[in-house]
Amino acid sequence: MTEQTVPRCTCGGGAEPEGGTKRIIFAGASKAGQLSNEAAVWLTKEGYGNIACTASLAVSTPSIKKKVEEADEVVVIDGCPVGCARQIVERAGIAPDQEIVVTALGIEKGGSLDLSEEDVETVVSAAWEGKGRAEEENERRPSGGCGCGCGGPTDILVVEWRHIGRDIEHTCERCGETGKAVMDVVEQIRPILEEEGITVRVVETPIENAAIKESNSILFNGMPLEDLIEGMEVTTTPCASCACITGQDDAACRAVEYDGERYESIPPELIARAALRALGLE
């Protein structure tokens, strides 16, 4: 029988304070563990689902176990590959539908307990995008489809807007206009889609200046705008405001060409069309 190597848990492995040993029991003592807790809070506030008490599940509290068993989907967020939360769920006789591992998303386990919004957003987005599902299930449930491979409707729309600069007020002019168009379109379509049981979420992703080629881009359930609208091509054009932000005199920003027109900022009608196509509704 082959011996399996089990990762060793190093939560709380730092230096002990003078005057004795203290333990504060929580979701996870490391930075990654705290991120798993914060991500669960964000997901609950965003309407993705509801937090279940891991400790109660571990001691088989009947009411908590019943709620988890009756859930449409059980999502486990673990800080590291040790998989403490997953093991608790499995020992309760429940098979998780998703397991998000924070360190597998490129986030270090240790370090300061001051959490960045960017790291929390990474974990939250992974859950919304179904990255914790088994590979074979993800193949059956492609982005922008109902899961059968037909490209039919899905019940989640994640719109990701990527840009240089730290936020919408500090990005280049065309990216800022695209971002405002994204927000306006989402505000208009969200009530309609929610009536149909479709959750809409916007993710704003600031990128490094070195990745300027990805700036001014929009993804819908992970699919780029240009892949959703037939005949659309991506190009770049000189951008004076990008030059100011990056310090590159020859800076060029993304633009798209469609139906004989060039758009440096993406118009609302194209954003709305791509959103519907990502949902299999057009």
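FYI, it's all coordinate maths here, none of it is from the lab. What you are looking at is a predicted structure, and each value in this text was computed from that prediction instead of being measured. Neighbour counts run over all protein chains shown; Cβ positions are idealised from the backbone, glycine included.
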>> Under the rule of at least 5 residues apart or a separate chain, name every residue whose amide H is placed under 5 Å from the amide H of Gly165.
In response: Ile207
>> I'd like the Karplus ³J(HN,Hα) series for the range 66-82: coefficients 6.51, -1.76, 1.60, θ = phi - 60°, whole numbers in Hz, and an x wherever there's a Gly or Pro.
In response: 5, 5, 5, 4, 8, 5, 5, 8, 10, 10, 9, 10, 9, x, 8, x, 4
> Quick one: Trp161, Trp128, Trp42, fewest Cβ neighbours within 10 Å first, how do they rank?
Replying inline: Trp42, Trp128, Trp161
> When the label point is put 7 Å from the Cα of Ile207 along its Cα-to-beta-carbon vector, which residues of the range 225-240 have a backbone N closer than 19 Å?
Replying inline: 225-229, 232-240
> Excluding same-chain residues fewer than 8 positions from Lys109, which aspartates and glutamates have a Cα within less than 18 Å of its Cα?
Replying inline: Glu38, Asp78, Glu99, Glu117, Glu118, Asp119, Glu121
> Along the range 31-46, what does the Karplus equation 6.51 cos²θ - 1.76 cosθ + 1.60 (θ = phi - 60°) give for ³J(HN,Hα), rounded to whole Hz, x for Gly and Pro?
Replying inline: 4, 4, x, 5, 5, 4, 5, 5, 5, 4, 5, 4, 4, 5, 5, 7
> Which GluC sites (Glu not before Pro) from the range 153-200 combine a DSSP loop assignment with at most 12 other Cβ atoms within 10 Å?
Replying inline: Glu196
> Which lysines, on any chain, are close to Lys65 with Cα under 24 Å apart, when same-chain ones fewer than 8 places away are left out?
Replying inline: Lys45
> Sequence-distant or interchain residues sharing an amide H contact under 5 Å with Cys253, placed H: which?
Replying inline: Thr237, Cys239
>> Two decimals, Cα atoms only, Kirkwood Rh: what is Rg/Rh over the range 66-116?
In response: 1.06
> Rg and Dmax of the range 189-250 over Cα atoms: what are they, in angstrom?
Replying inline: 15.7, 48
> Could you give the semi-axes, largest first, of the ellipsoid that matches the range 31-140, computed as the square roots of 5 times the alpha carbon gyration tensor eigenvalues and rounded to whole Å?
Replying inline: 21, 16, 14
